[in-house]
Amino acid sequence: MPYEFRMPDLGEGVAEGEIVRWRVAVGEEIAEDDLLVEIQTDKATVEVPSPAAGLVSRILAAEGDVVPVGELLVVIGGEEGSGTAPSAVTEPAQNRVQATPAVRRLAAELGVDLAALAAGGPVSEAAVRAAAAVRAAAGSAAAGRREPLRGVRRAIAEHLARSHREVPAVTVVEECDFTHLSLTRGELSYLPFVLHATAEALGRHPALNARLDRDEIVYLDDVHLGVAMQTGAGLMVPVVRDAAAKPVEELAAEVSAIGAAAAAGTLAPEQLRGSTFTVSSAGRLGGLFATPLVNHPEVAILGVHRIAPRPVVIDGAILVRDIGLVSCTFDHRVVDGAVASAFLLDVIACLEGREP
């Protein structure tokens, strides 16, 4: 009896996944728990093992396809190929273009819209090349290399576009004197101290540790801090859980561990879910100032920008101090400017070694 494997539910709130890479081919014998496919969600890339052993008789989604949870992906068992060519997409979902992975890659390279060529049957390589030639002759093909929006970059694009579209964001900015912290932090980076200060301030300003759920504001009990990190695969936001209950040293160790995992591409999906507030700190690459987008569905994000020696006036004297700008970008539907400013000043007071 053939085994029909469908797009699995890969986590809370995940409705679809992108086929990144098939680890098997039509006609190949696989064992149970052999790697079957790599799937990219808006959270992470997941390697999915085969739930059954047997011959791969059909593959029904091409690399690059975005497939909803529950849709048929692959059939294990039955006659090889089921009368179709190996690696072809043999049973597309309604309105999906039928094309082999090779044809899809060619279309992406040439900038050809496969949907415009679909006419009830599979799109051939010849049809793609002909369409590209027509575009070139008409002068409509833009110069330059094309690259399909896939994987982590696609997830980032969709997530940030939603945030920009739905959240009426406002940013407040203050200077922070990091001199005291520079002298006392030892070998630790600034980041764990920022996380500690943020967690403490969120306890005093719960409106920023919240969610907007239709016509209700949900004030969250726990503080799970997302930490925006740039990796080779793109921007990721791993989560430091229960940050309010952890001392700076423990936060530093956890940030180091998740940073190493993010760089190596070994973060588990659960490490990228469930943040209640996000901190963005790009260090030397952060620029003098930027306005990070709110990490939807959160209602605010803290930004720490470049820290450098700068002249400041203290008691009428010009002194050189380690100064950086700190910002809070917030969803104005949920948070008022006065509340966000008070939160930001509390964070700064903690970083400067003062009582909030």
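Choose one answer from His332, His196, His224: the residue with the largest mean-square fluctuation in a GNM of the chain with alpha-carbon springs under 10 Å. Between His332, His196, His224, it is His332 that shows the largest mean-square fluctuation. In the chain, one over the average inverse separation of all distinct C-alpha pairs is 23.3 Å, which is the Kirkwood hydrodynamic radius. Rolling a 1.4 Å probe across the protein heavy atoms gives the chain an accessible surface of 51 Å² per residue. Over the chain, Cα pairs under 8 Å with separation of 6+ residues give a relative contact order of 15 percent. Each stretch of four or more DSSP H residues adds -39500 (n - 2.57); spread over every residue of the chain, this sum gives -8000 deg cm²/dmol at 222 nm. Shape of the stretch 1-76 from the C-alpha gyration tensor: prolate (a/c of 1.5 or more and a/b above b/c, with a ≥ b ≥ c the square roots of its eigenvalues).
With R₀ fixed at 22 Å, the C-beta to C-beta distance from Glu4 to Glu47 puts the FRET efficiency at about 0.60. Stretched out straight at 0.36 nm per residue, the stretch from Ser189 to His164 would grow longer than its current Cα-Cα span by 6.0 nm. Proximity of backbone amide H atoms, modeled 1.01 Å from N, is registered between Val240 and Leu225, Gly226, Val227 at under 5 Å, excluding neighbours fewer than 5 places apart on the same chain. An oblate overall shape is assigned to the stretch 259-308, the ratio a/c of its alpha-carbon gyration tensor axes (a ≥ b ≥ c) being 1.5 or greater and a/b not exceeding b/c. The spacing between the stretch 1-51 and the stretch 289-354, judged by their C-alpha centroids, is 43 Å.
Checking the a/c ratio against 1.5 first, then a/b against b/c, what shape does the Cα gyration tensor give for the stretch 200-268? It comes out oblate by the Cα gyration axes. In this structure, Val248 and Arg214 have a Cβ-Cβ separation that, at R0 = 41 Å, corresponds to a calculated FRET efficiency of about 0.65.
Say R0 is 45 Å: what FRET efficiency, to the nearest 0.05, do Phe289 and Ala93 get from their beta-carbon distance? Approximately 0.50, to the nearest 0.05.
Note on Glu270 and Ala102: the model spin-label points, each 7 Å out from Cα along the C-beta direction, lie 4.2 nm apart.
The values are calculated or read from the model by the stated rules, or taken from the named source; none is laboratory data. Every value quoted in this text rests on a predicted model; they were computed, and no experiment measured them. For neighbour counting, all protein chains shown are included, and Cβ atoms are generated from backbone atoms with ideal geometry for every residue, glycine included. Only protein heavy atoms, including side chains, enter the accessible area calculation; ligands, DNA and RNA are left aside. Shrake-Rupley method; radii C 1.70, N 1.55, O 1.52, S 1.80 Å.
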